[in-house]
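The values are calculated or read from the model by the stated rules, or taken from the named source; none is laboratory data. Every value quoted in this text rests on a predicted model; they were computed, and no experiment measured them. All Cβ positions, even for glycine, are placed from backbone atoms using ideal geometry, and neighbour counts span all protein chains on display.
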Amino acid sequence: MFTGIIKGMGHVVALERLADTAKLTIASPLLTELAPHAGDSYAVNGICLTVTAATVDQITVEVMPETSRLTNLKQLKRHDRVNLEPALGASERLDGHFVLGHVDTTAKLIQREADQNAVILTFMIAPEYGDYIVKKGSIAIDGVSLTVTQTDAQRFSVSLIPYTQNQTTLGDRQVGELVNIETDVLGKYVVAMQRKEAIQ
């Protein structure tokens with residue numbers, strides 16, 4: 001489990017692809033502090049992945065076909081930056097919201113708008129995910145815990161403070177790019193229960 005509070009960024013130093021699978025090696029100064037081991041879970045752009053090998057400042061993770069199909073990892077290239085978060089320790093503060101690292105889908109950035117010190121990002125998403133996105137609700141975008149500021153039909157917006165712009169990859173996202181989306185798990189259960197009750 002994760003919180004959506006990004007601990008640091010890394011960059012892709014090696015990338016091997018075979019059909020719909022991939023092996024990524026990511027380097028980051030953060031990893032020197034955390035001393036990861038094989039078997040640890042890390043969220044990479046919001047995707048829960050298992051470390052298969054680790055050195056002082058690098059981790060290697062493998063991506064299965066289901067993950068490649070549902071996320072933006074298939075677009076990654078060498079030298080691209082990624083958001084990193086280690087799995088939540090039992091004694092740690094929960095500063096963001098409950099993030100599982102189970103990406104639902106991708107969304108396309110369709111607008112960037114300055115709002116004084118903030119940047120408003122607006123995304124287009126498939127309509128079947130609309131029920132899980134509500135104004136003032138939580139959402140994880142590329143692993144970053146954010147609050148939805150506006151939503152209608154197939155679009156939703158979030159606002160980034162300067163810290164988030166500087167400390168995550170979202171500050172660099174350009175119109176037309178895809179991001180990973182994990183909707184709020186609590187909302188998923190509420191919607192599922194309502195649908196079951198409607199059928200009964």
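Below are the figures for this structure:
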item: Verdict on THR50 being part of a strand (DSSP E or B) and either outside the structural domain of LEU170 (by TED's automatic domain parsing) or within 13 Å of LEU84 (Cβ to Cβ) (or both); result: yes
item: Answer from ALA43, ALA22, ALA53, ALA27 - the residue that is modelled with pLDDT under 95, surrounded by 13 or more Cβ atoms within 10 Å (Cβ to Cβ) and of a type in the set (Gly, Ala, Ser); result: ALA22
item: First in region 132-147 and under 13 Å from ILE181 (Cβ atoms), second anywhere and among the aliphatic types (A, V, I, L, M) and part of a loop (DSSP other than H, G, I, E, B), Cβ under 7 Å, 6 or more apart; result: ILE139/ILE133; GLY143/ILE6; VAL144/ILE6; SER145/ILE5
item: Total residues in region 113-156, condition over 20 Å from ASP172 (Cα atoms), exposed (fewer than 14 other Cβ atoms within 10 Å of the Cβ) and not aliphatic (A, V, I, L, M); result: 6
item: Residue list for region 114-147, filter: over 18 Å from TYR189 (Cα atoms) and touching a Phe, Trp or Tyr at 6+ places or on another chain (Cβ under 8 Å); result: THR122, PHE123, ILE125, ILE141, GLY143
item: Among the candidates LEU109, LEU88, LEU121, residue that is modelled with pLDDT under 95 and either not acidic (Asp, Glu) or not assigned by TED's automatic domain parsing to the domain that holds ARG195 (or both); result: LEU88
item: Index of the failed condition, LEU84 passing every other in (1) surrounded by fewer than 18 Cβ atoms within 10 Å (Cβ to Cβ); (2) in contact with a Gly (Cβ under 9 Å, 6 or more places away or on another chain); result: (1)
item: Filter result for ILE110 (crowded, with 22+ Cβ neighbours inside 10 Å, under 23 Å from LYS77 (Cα atoms) and of a type in the set (Val, Ile, Thr)); result: no
